[in-house]
Structures are given as C-alpha cells and as structure tokens.
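Structure record follows, encoded as structure tokens.
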Amino acid sequence: MAEHDCGLSARMASFPALQQHRRDWQHELRTLFRDSERSNRFSVSARDCGITLDFSKNHLDDETLQLLVGCAREARLTDAVQDLLRGERVNNTEDRPALHTALRFQGKPQTAEEHAVAACREQMAAFVERVRSGAWTGFSGKAITDVVNIGIGGSDLGPRMVTEALLPREPQPVRVHFVANIDGADLADLQWQLDPETTLFIVASKSFSTLETRENALSARAWTLAGGCPENALHKHFVASTSNIPAAVEFGIAEQNIFPLWDWVGGRYSLWSAIGLPIAMACGYEVFEQLLAGAQRMDVHFASAPLEQNLPALLALITFWYAQCWGAQSQVMLPYAQRLEKLPAWLQQLDMESLGKHVTRNGKSVDYVTGVVIWGSAGTNGQHSFHQLLHQGKLLVPADFVAVRKPMSTLTRQHNWLLANCFSQSRALMEGRSAGAIEAELLAKGMAAAEAAELAQHKAVPGNRPSNTILLDELTPATLGALLALYEHKVFALGTLLGINPFDQWGVELGKLLGEEIFTAASSGELPAGWDASTRSMVEACLPPETEKSTDQA
Ligand SMILES: O=P(O)(O)OC[C@H]1O[C@](O)(CO)[C@@H](O)[C@@H]1O
C-alpha cells in the first residue's frame, strides 16, 4: 500500500479557505449577470494567439479567483512552468524532462535539443517535398499517391485530428490515411482501396514496441511484398518516426528513412515532432511550421502572463474548483466546428492519461479526485444526443465550448446558425427555464391547471450550469497550434495543483502485460490454472490454439 497522503487540505494551506468559500457560495449564475461588466471582467484574450476565453458563465467572482490564484501560488505554479520550459526533470518517475515546447521553438536554435529539432525539421521538409512533388517513387517507379500513418495513442490522435482540421479543401498530391487499431479490419478496410505500388507507410511509434503498431506494420509489409515489391525496395514504401532507431532498423527500415524523436518528448505531446509528419504530408510542410509557431505563442503566453490572465492557468483553476469543491467528476469538450470533430478524442488522451493518477509525485496515495472524465463531440451533433443530460440530468458537468468566429466554409448562413446554437447552449445551461414560467405559458394556452403544473415540471430546465467559451478568431494552423498548447499547459497546471506527475502513464502497462499473457497462453492452448473462470471461458470460446498460425504476416 502506498503511504497515505492526508489530502488537499493538509497539502495546501490555502485550500480550506476555498472550501469555506464554496460552502458560503449562494449565487445563481443568472443573478451574477446583473453585473453588466461581468463578461468583460471574466474574459481574457491572448491576442497573439487569436484566442479569447470567456469564463464569465462560471460559479466564481473576484474572491473565488483570488482564492484559486492563491492555491496556484502555493503550488508554485509559476516556478513549475519555468522548470518545465527550462528542461528540468519534471517527469520524476521516468527521470526526464518533458520538453515538448522545444519542439516548437522559433528562430535560431540555441540549445542541444533545438539543434536536434531543427535538423529533424529539415529532414521532414525535404522528405515531404519529395513525396508531394512525385520525386519519391515506389518500387515500380510510380509516384506515391497514398500515405498511411500506422501508430496509436499519441502517435495517432494528434496527427489525425490536426490533419482533419487543416487539410486544404482542394486536391492534394497525396492522400493521407490513419490506421491505429489492432483489429485487422482497420488496416484491411483501407488496403483494398490502395495500390501497393503507390502506397507509402509511416510507422509512427516513439517506443517502436507498441503491439498495435508492430502488428499493423508487419501486415502492411507483407501486403507490400505480396503486391510485387522486392525485399530490397521496401525502403521506398516504409519510413518511421521513432526514438528507438535500432528497433526500426531491425524491422527493416532504412536508417535514412527514420525521423528521430527523443525521450524528452512524451507520446501524447509528440504531434509537434516527427510524429506530425502526416500533417505536413497531407497539408504541406509550411502548414506544419505555422502550427508550431502558433503553439509557441501560447508557450510564451503561459510563461509570461500573470496568473489572473493566464489562459492555461485559468482553465486549470476552474477545473480544480469544480472537481475539488463541487464534486464534478467529468468535463465535456464541445467544439462547434466540424473540422475539430476529433478534438475531444485527442483531449481525452492528453488529459486522462496525464491526470488519471492515484499517488502524488512522491508516491503517496491521494484521497481527492485527480483526473476527471473527458468526453464530448462536435456541436451541434451532441445537441441531438447527450445535451439532454447536460440540461436536465443530475450530474454537474462543466462544459468547454470552442467556437470559431470566421466561417469555415462558404455557407455563411449555416455558420451563423452554428454560432447561434453554440451561444444558445451555454446560455440555456446558465439560465435554464423555471417551472413557474412554463406553467404560466401552458395555462395561457388553455391547459388545465393540474396538467399544466405537472407538465411544467418535466419541461423545466434548472440552469445554473457552468461553462467556458473559447473563441478562436479563425481556424488556422497557428490558432489551432495555440489551442492545443493551451490544453497541454492546462493539464500541466492541473498536475502541479494536484501534486501529481502528468507525464507518466504506468497504468496502461498492466493491461499490455495481461494481453501478452492471454495471447501467448491461448496460442499454445495451455491456459494457466490460476486464471479466473470468466477470462478462461471467454478465451476458450473465442481464441482457438491456432491463433498464432493464422497470422498473414509471413
Ligand atoms: O508511440 P508509441 O511508443 O507506439 O506509443 C503509443 C501510445 O501508447 C501509450 O504509451 C499508452 O499505451 C501512449 O502514451 C502512447 O502515445
């Protein structure tokens, strides 16, 4: 058992005052808006980043903010940010820095890390140019038409989401696809549309040991060979982004086709590295550079803005407030932009893999909520699905709305509808509608009194439900880069407030180990006696001993 930590009150002298403030809190959100200056006072713009945060529809006032900032000061957030950016070994359980900010440095490289990044960027730019221009050819001399990124988790979600968001809406020289799942259908459902002569695979894996990526890469290799590619021409169809160069070489990837990353880049923070290759391939290398530049502007903001006006710190403090003092156990991400449809999935890994921890940095167990459940989908689709629960359910689910001011298509009337819906949702969550007002309306329409009273209860919307709105001036590579960096830093700030390490992910290891154990035992047909009956009977029913033999990667 981990040594027990006494909880936030014992760790943070300023926390009990925040709790007392919560107990005293009597305000309704709608009444707070009697202050006509409220939205101005509780909105902050990072102008360089093209992002404004309106956090006025939250259960907070000046005193709340002061108390929250007090907690951040006590947690030495400002110092922690400097440690992060300076490359201190903030990932203490893996004894290494988390220097994803170095991946987006601008100007001349200064540090050893920046020099390495600059060289990799050059390599990426040259490669992208060769493939997109048709100079890079496959085994039969034809230009590449399709690029498939094989990777999972951080080696998939970020590049996939950004590519979908930024893909120019005009024909591109190559199509980029993503395969992640160990389910062979993911790869196979794509392959029938592809030609081995003109398909190039990027094997994206920081560790180059991830099961899904290894298996998909082996199958892709077999498919390429079966398509007529001689063994000695495989290098024309396979490149890799990895920090494990020997493993990539052993797999058969030519050394000059390997794009490096480093142990100081966390998987879920890696889209800014060579793991972002599919972004550059799909959208053009300059788009990738603009993405980096936007993210770097948010780094500057995070490092320099005072806590009261610091977007990542504010988002973190607001989540901290609801999770620690209001009992919120989840948070919903609602991008009102179809192109940002995959943002919730990306955020889910970033936030939940970082903050889903049960011990402090020193290994003491915590008795407070750490990470909350992150979920969501693009608006307006969610309105016709789960928003019912947000409006009338019994759970407190703080919402982050993301909206884009400039239309993202020529259908501007629809854009106006999109924004009208976004703003009406946060307003409905906040204002609600009382049973009394609804009952009066029903009576005025001639409904019988008893019936009206009952129906009004069903129709009433409690309101008083909090949200942030994050407004992007427009959806560009730079504003998207800044938005993603905003959330990366929010997660770091929360980790600091909670006293946990947001850069490791030991929890995923047990499942991997047991997966290996089950696969190996099922393949041999010898199931260990100690297994629980449920696992044993499912394995017996579904995994015949020939599993190993049925592979088509030979
Ligand atoms: O890039 P890799 O090493 O294949 O890892 C993929 C993903 O697997 C994880 O380690 C979790 O299993 C993530 O943190 C990571 O993004």
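The values are calculated or read from the model by the stated rules, or taken from the named source; none is laboratory data. In this text the structure is predicted, and so the values were computed from the model without any measurement. When we count neighbours, we look across all protein chains shown, and the Cβ atoms used for this are built from the backbone with ideal geometry, even at glycine. These accessible areas exclude ligands, DNA and RNA; they are computed on the full protein's heavy atoms, side chains included. Shrake-Rupley method; radii C 1.70, N 1.55, O 1.52, S 1.80 Å.
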query = Would you pick out the residues in the stretch 86-113 that are without any contact (Cβ under 8 Å) to a residue 40 or more places away in the chain, part of a loop (DSSP other than H, G, I, E, B) and within 30 Å of Glu286 (Cβ to Cβ)?
reply = Gly107, Lys108, Pro109, Gln110, Thr111
task = Mind listing just one residue for me: the one in the stretch 224-255 that is β-branched (Val, Ile, Thr) and more than 18 Å from Glu197 (Cα to Cα) and, of those, least open to solvent (accessible area, probe 1.4 Å)?
result = Thr242
task = State all residues of the stretch 341-365 that are open to solvent by less than 30 Å² (accessible area, probe 1.4 Å), more than 12 Å from the ligand (Cβ to nearest atom) and in contact (Cβ under 8 Å) with a residue 60 or more places away in the chain; if no residue qualifies, say none.
result = Leu343, Leu347, Asp351, Leu355, Thr360, Ser365
request  = Could you run through the stretch 217-256 and say how many residues are part of a helix (DSSP H, G or I) and within 11 Å of the ligand (Cβ to nearest atom)?
outcome  = 2
message = Out of everything in the stretch 83-114 that is β-branched (Val, Ile, Thr) and buried (at least 19 other Cβ atoms within 10 Å of the Cβ), what residue ends up being nearest to Lys364 (Cα to Cα)?
response = Val90
query = Can you find a residue in the stretch 520-540 that is among the charged types (D, E, K, R), in a helix (DSSP H, G or I) and open to solvent by 60 Å² or more (accessible area, probe 1.4 Å)?
reply = yes
request  = Scan Glu170, Glu215 and give me the residue that is at pLDDT below 95, farther than 18 Å from His235 by Cβ and over 19 Å from the mean Cα position of the chain (by Cα).
outcome  = Glu170
message = What are the pairs with Cβ atoms under 8 angstrom where one residue, in the stretch 226-245, is closer than 9 Å to Phe208 by Cα and the other, located anywhere, is open to solvent by 60 Å² or more (accessible area, probe 1.4 Å) and among the hydrophobic types (A, V, I, L, M, F, W, C)? Sequence gap at least six, or different chains.
response = none
task = Go through (1) open to solvent by 10 Å² or more (accessible area, probe 1.4 Å); (2) within 30 Å of Ser354 (Cα to Cα) and name the single condition Ala399 misses.
result = (1)
key: Extreme residue, farthest from Ile150 (Cα to Cα), among residues of the stretch 192-216 that are more than 9 Å from the ligand (Cβ to nearest atom) and hydroxyl-bearing (Ser, Thr, Tyr)   = Thr198
remark   = How many residues of the stretch 261-291 are open to solvent by 30 Å² or more (accessible area, probe 1.4 Å) and not in a helix (DSSP H, G or I)? The answer is 2
query = Which ones in the stretch 432-472 are of a type in the set (D, E, K, R) and open to solvent by less than 70 Å² (accessible area, probe 1.4 Å)?
reply = Glu439, Arg465
task = Considering only residues that are part of a helix (DSSP H, G or I) and open to solvent by 60 Å² or more (accessible area, probe 1.4 Å), look in the stretch 124-142 and name the one that is nearest to Tyr285 (Cα to Cα).
result = Glu129
